[in-house]
Amino acid sequence: MEQPGHVLIVAADPSPAWRRRWPVVEATAGLAAVSPAVLTTAPTAHVVQVAAPTDPHVLLAHLRTAAMAPGPLLVYLGGLLALDDRQGRPHMAISHSTSRTLRYSGLPWDWLRAELAVRPPDVETVVVADLVAGTPAAWAAFDVDPDFLTGPYALYGTVQAPTASRAAPAYTHALTAALRAAQHAPPHAELHAYVTATADLPPATTHWLTAPAAVPGEPPPAPEPEAEPDEQEPGAVDYSQAVAEAWADGRHTEAYAIVAALEAEALREHGPSSPQAAHWTGIRADLAYRAGRYADACHLWLQRAGTLLGAGVPHTDPAVRTAVDNAHHCWHHVEPAYRTRLGSALLSVRRIVPGPPGAQQDVQQRLILTTT
């Protein structure tokens, strides 16, 4: 008999002392309402929601109970990430935490690692985090070690910079929307790739948390060189005549306006997760590429791929593969400020859509060089 799953949802809005609005408690109300059979790969699951906790030891008790669950486990953590002022260890602030009391009043990330380490390696253990960095030091920690939140679990989610313009947990909103539309639990890596592409978060102020890659048996050959796109590349979408003519005449603003209007129409008629919407996302990506806005182009191609995957298009479909290959090509031209965060998103999708031989390794190696 298959063991039931266990879901622990912990969300804490930052206290006013942090001067950072992050309404994650409200956002997780929808997540807690998702069918338990969709949240984990088990046919049934126990769901525990802890909203606005005030005592880290109560959270520790919940973590210990969750870790002992015999079936698949999903732990969601939403809140503010900061480093304690004595040892510089990561903590998630809870309702009454401040920068001075964080070491005693926050949830140490080391507790999470220690409690989940007792889980059998062959039983699914997933952590999803939607966090905002409370201080520049917490954000800068990712430049030193992009994986400093990893542990004995598959990790997905995002961390927003303390200077991020958005004051909403967009990853949680996109995750909830995707799960509500699902009939059964999607593979976590595929779900993360979809949410990565649809959350519409600015790459410069977003760090994407990704599950560790599988260790390859033999190193793949070096990536084949990619040709510069011609008039049909990046491909898989056809221009309307009006867009093509406006762009050819140098009326770029007009071309953007036409595409925006057609995309809005597709969104109204078919919804944001439809192939029709993805079609116009691809056109926007191609226009961004032609204008030399490589970070925007990369982000939009990933968004197109994620929308197609979320709509049930197989990862082997040429439209999906072309979108990811185009994103990969654009990423090679992205300026350093965006390279790590877009690269993390690209690597997540590359694990679903491998691409040509050596493509995934190319992203991994370039990310290492970027962060060293």
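Does Leu112 satisfy the criteria of being in the same structural domain as Ala69 (by TED's automatic domain parsing), in contact (Cβ under 8 Å) with a residue 40 or more places away in the chain and more than 24 Å from Arg351 (Cα to Cα)? Yes. State which residue is surrounded by the most Cβ atoms within 10 Å (Cβ to Cβ) when the search covers only segment 190-206 and only residues that are at pLDDT 75 or above and farther than 15 Å from Cys298 by Cα. Filtering segment 190-206 for residues that are at pLDDT 75 or above and farther than 15 Å from Cys298 by Cα, the one surrounded by the most Cβ atoms within 10 Å (Cβ to Cβ) comes out as His192.
Could you tell me which of the residues Leu31, Leu39, Leu8, Leu112 is under 25 Å from Asp145 (Cβ atoms) and at pLDDT 90 or above? Reasoning before the result, please.
Values: Leu31 fails: under 25 Å from Asp145 (Cβ atoms); Leu39 fails: under 25 Å from Asp145 (Cβ atoms); Leu8 fails: under 25 Å from Asp145 (Cβ atoms).
Result: Leu112 is the single residue among Leu31, Leu39, Leu8, Leu112 that is under 25 Å from Asp145 (Cβ atoms) and at pLDDT 90 or above.
Looking for whichever is at pLDDT 85 or above, surrounded by fewer than 16 Cβ atoms within 10 Å (Cβ to Cβ) and not in a loop (DSSP other than H, G, I, E, B) here; the options are Ala141, Ala137. Which one fits? Break it down into steps so the answer makes sense when it comes.
Values: Ala141 fails: surrounded by fewer than 16 Cβ atoms within 10 Å (Cβ to Cβ).
Of the residues listed, the single one that is at pLDDT 85 or above, surrounded by fewer than 16 Cβ atoms within 10 Å (Cβ to Cβ) and not in a loop (DSSP other than H, G, I, E, B) is Ala137.
Could you check segment 26-73 and list, in sequence order, the residues that are part of a helix (DSSP H, G or I), within 23 Å of the chain's Cα centre (by Cα) and exposed (fewer than 15 other Cβ atoms within 10 Å of the Cβ)? Steps first, please.
Taking segment 26-73 and keeping what is part of a helix (DSSP H, G or I), we get 26-32, 36-39, 56-67.
Filter once more, so that each one left must be within 23 Å of the chain's Cα centre (by Cα): 26-32, 36-39.
Glu26, Ala29, listed by residue number.
Identify the residue in segment 96-109 that is touching a residue at least 60 places away in the same chain (Cβ under 8 Å) and not in a strand (DSSP E or B) and, among all such residues, is nearest to Leu83 (Cα to Cα). Spell out the reasoning first.
First, pick out the residues of segment 96-109 that are touching a residue at least 60 places away in the same chain (Cβ under 8 Å): 96-99, 107.
Right, trim to not in a strand (DSSP E or B) and you get 96-99.
On the way: His96: 16, Ser97: 12, Thr98: 11, Ser99: 8 Å.
By that ranking, first place goes to Ser99.
Here the condition is being of a type in the set (Lys, Arg), under 27 Å from the mean Cα position of the chain (by Cα) and under 20 Å from Glu190 (Cβ atoms); of Arg304, Arg268, Arg293, it holds for Arg304 alone. Just one residue in the set Ala167, Ala82, Ala93 is among the small types (Gly, Ala, Ser), at pLDDT below 90, farther than 24 Å from Pro4 by Cβ and not assigned by TED's automatic domain parsing to the domain that holds Gly310; that residue is Ala167.
Could you list all residues from segment 165-189 that are hydroxyl-bearing (Ser, Thr, Tyr), in a loop (DSSP other than H, G, I, E, B) and buried (at least 22 other Cβ atoms within 10 Å of the Cβ)?
Step one: list which residues in segment 165-189 are hydroxyl-bearing (Ser, Thr, Tyr), which gives 165, 171-172, 176.
Then keep just the ones that are in a loop (DSSP other than H, G, I, E, B); that gives 165.
Correct list: empty.
Just for segment 341-360: of the residues that are more than 21 Å from Pro314 (Cβ to Cβ) and either at pLDDT 85 or above or among the small types (Gly, Ala, Ser) (or both), which one is surrounded by the most Cβ atoms within 10 Å (Cβ to Cβ)? Result: Gly343.
Restricting to segment 303-324, give me the number of residues that are surrounded by fewer than 23 Cβ atoms within 10 Å (Cβ to Cβ) and on the phi < 0 side of the Ramachandran plot. Counting residues in segment 303-324 that are surrounded by fewer than 23 Cβ atoms within 10 Å (Cβ to Cβ) and on the phi < 0 side of the Ramachandran plot gives 10.
The values are calculated or read from the model by the stated rules, or taken from the named source; none is laboratory data. Just so it is clear, the structure is predicted and the values come from calculations on it, not from any experiment. Every residue, glycine as well, gets a Cβ built from its backbone with ideal geometry; the counts of neighbours run over all protein chains shown.
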